[in-house]
Amino acid sequence: MNFFSSDFKLGILGGGQLGKMLLYETRKWDIHTKVLDASAEAPCRIACNEFVLGSLLDFDTVYNFGKDVDVLTIEIENVNVDALEKLEQEGVTVYPPTKALRTIQNKATQKLFYTDHGIPTAPFSRFAYTTEIKDSLANGGIKLPFVWKSAQFGYDGQGVKVVRHEADLDDLPNVECIAEEMVDFKNELAVIVARSARGKVVTYPVVEMEFHPEANQVEYVICPARIDEAIAKKANEVALQVSENMEHVGLLAVELFQTQDDEILVNEVAPRPHNSGHYSIEASYTNQFEQHIRAILGLPFGKTDSKVAGIMVNLVGAEGHTGDVIYENMESILEMKGVTPHIYGKKQTRPFRKMGHVTIVDENMARAREVAQKVKETIQVKSK
Ligand code: ADP
């Protein structure tokens, strides 16, 4: 099939920043795109060929949107999978495949998938409602502390809470959930796998999340991770195991824990380009967005190696600031060598909202890390 400067149409569910960065690549290759999003101000709107305003969770909206595209992909998991399944049955190519998407969408079924396939993950119990956890605590089925995770629609920590006391449960929504053992981890790592429909796979180098010592928030995503070769190899193998068992097609970001005993456990996966791969735009031979397009169109894969050390800093809304956004000290960071800011195009900021990111590249990792810290201390996302 000819994808370039042709009648071929790629549908994308979701019009946020991941979609926007995917569209840099479709523009580069002149691939016709159609995007669905519920917001009239979606970052994708300016870069796609056709924009449809509508809910990603509504069956009819997603079904009607997908009917005239050749390949349908996503940039967010929370979409109506029943509609995707119907489209798939009617001959539309949907990647990630709906079967994998269904498994991933629900954290309980995702975790069950890992245990069913012998993939290492933290032990957990599944509950239809949060209130049922209390009975389980009373009869010794589970023990405090544990990590509560909403089975559906968790995003950016919203659906995750460490429960240390029984009373902590009272503040949580009464929804389907899992209670997961706390992992005493040394590192949080991630591996991005790209897999084609024919089962060809490539992986990106292991990345490491560096946390703020007090705020317990990821501050930097660092590529390559500063870990032993043996650990990197193990992380890579586990990520491949997940991708192959899921028969995934497209990009799969596998989030991992490295325990104190150097075990590798799968935390969760995302079946799409991911925050942990943003560094690749500046640091890799082939960035994750281009690779996703290559994977879902069955094109040869690009080289996943890095050209230089890469560090990514998220630009999130500062605390105490809500309203029309301004980026303070943007010029100062533009003066630093190897620094590239990305602004997603959201007009309104609010505390901790992901508004953009900055990539820092350098031949030398230690120097990149120093610059990253300077960037972090300099640029501020505030309201007017
Ligand atoms: P989200 O879908 O919000 O990204 P995650 O499952 O990735 O949720 O959890 C968010 C963060 O919470 C993780 O990055 C990790 O720091 C912490 N976390 C999650 N599960 C555990 C666990 N079992 N033990 C310890 N920390 C955890």
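Among Gly298, His212, Gly323, which residue has its Cα furthest toward the positive end of the charge dipole of the chain, with +1 on Lys/Arg Cβ and -1 on Asp/Glu Cβ? It is Gly298.
For Gly338, nonlocal amide neighbours, meaning residues 5 or more places apart or on other chains whose placed amide H falls under 5 Å from its own, do not occur.
Across the options Phe127, Pro145, Tyr114, the greatest Cα extent toward the positive end of the charge dipole of the range 62-172 (unit charges at beta carbon of Lys, Arg, Asp, Glu) belongs to Pro145. A cut-off under 13 angstrom between Cβ atoms defines the neighbours of Thr322, and their net charge, with Lys, Arg +1 and Asp, Glu -1, is +4.
Two numbers describe the Cα atoms of the range 30-85: Rg and Dmax, which are 10.7, 30 Å. Annotation: extensible slack from Thr322 through Lys384 equals 21.4 nm (criterion: 0.36 nm per residue apart, minus Cα-Cα distance). Here the gap between Glu237 and Ser136, fully extended at 0.36 nm per residue and compared with their Cα-Cα distance, gives a gain of 32.9 nm. In the chain, helical runs assigned H by DSSP with n ≥ 4 each contribute -39500 (n - 2.57); averaged across all residues and rounded to the nearest 500, the mean residue ellipticity at 222 nm is -8000 deg cm²/dmol. Here the chain carries DSSP beta bridges of which approximately 80% are antiparallel, counting only pairs with both residues inside.
Note on the chain: with a GNM built from Cα contacts shorter than 10 Å, the maximum mean-square fluctuation among Lys28, Lys347, Lys20 falls on Lys28.
Normalising the average separation of contacting C-alpha pairs (under 8 angstrom, six or more residues apart) by the number of residues puts the relative contact order of the range 268-355 at 26 percent. When only Cα pairs below 8 angstrom with a gap of at least 6 residues are kept, the range 98-175 shows a relative contact order of 29 percent. By the count of other C-beta atoms within 10 Å, a proxy for reagent exposure, Lys134, Lys34, Lys384, Lys111 are ordered fewest to most as Lys384, Lys134, Lys34, Lys111.
In the distance distribution for the range 306-384, Cα-Cα pairs more than 17 Å apart total 43 percent. For the chain, a simple Cβ point-charge model (Lys and Arg +1, Asp and Glu -1, everything else neutral) yields a dipole of about 740 debye relative to the Cα centre. So if I average 1/r over every pair of distinct C-alpha atoms in the chain and take the inverse, what Kirkwood radius in Å does that give? Across the chain, the inverse of the average 1/r is 21.7 Å. Remark: the range 93-183 carries a charge dipole of roughly 340 debye about the Cα centre, counting +1 on each Lys and Arg Cβ and -1 on each Asp and Glu Cβ. Between Asp60 and Phe8, the C-beta separation translates, for a Förster distance of 22 Å, into a calculated FRET efficiency of about 0.30.
What you get for the range 331-384, charging only the Cβ of Lys and Arg (+1) and of Asp and Glu (-1), is a dipole of about 540 debye around the Cα centre. Please check: in the Gaussian network model of the chain (C-alpha springs, under 10 Å), which one of Arg350, Arg294, Arg198 has the largest mean-square fluctuation. So, out of Arg350, Arg294, Arg198, the one fluctuating most is Arg198.
Distant-in-sequence amide contacts of Val316, defined by a placed amide H-H separation under 5 Å and a gap of 5 or more residues or a different chain, comprise Met355.
Label separation (Gln158 vs Gln348): 1.3 nm, computed from points 7 Å beyond Cα along the C-beta direction. Summarising the label geometry, the points placed 7 Å from Cα in the beta-carbon direction at Asp184 and Asp30 lie 6.0 nm from one another.
Just how far, in whole angstrom, is the range 116-175 from the range 182-250 if you go by their alpha carbon centroids? Between the Cα centres of the range 182-250 and the range 116-175 lies a distance of 24 Å. Shown in residue order for the range 134-148 are the 3J(HN,Hα) couplings computed by the Karplus curve 6.51 cos²θ - 1.76 cosθ + 1.60 at θ = phi - 60°: 4, 4, 5, 5, 4, 9, x, x, 9, 10, 7, x, 8, 9, 8 Hz (x for Gly and Pro). Largest GNM mean-square fluctuation among His357, His278, His212, using the chain with Cα springs under 10 Å: His212. The gain in end-to-end length when the Leu334 to Phe211 segment is fully stretched comes to 41.8 nm, 0.36 nm per residue minus the alpha carbon separation. Modelled this way, with points 7 Å down the Cα-to-C-beta line, the labels at Met1 and Leu112 are 3.3 nm from one another. For the range 206-312, the relative contact order is 23 percent, taking Cα pairs closer than 8 Å that sit 6 or more residues apart in sequence and dividing their mean separation by the residue count.
Every number in this text was worked out from the coordinates using simple rules, so none of it is lab data. Keep in mind that this is a model prediction, so the values were computed, not measured. Every residue, glycine among them, receives a Cβ derived from its backbone with ideal geometry; neighbour counts consider all protein chains shown.
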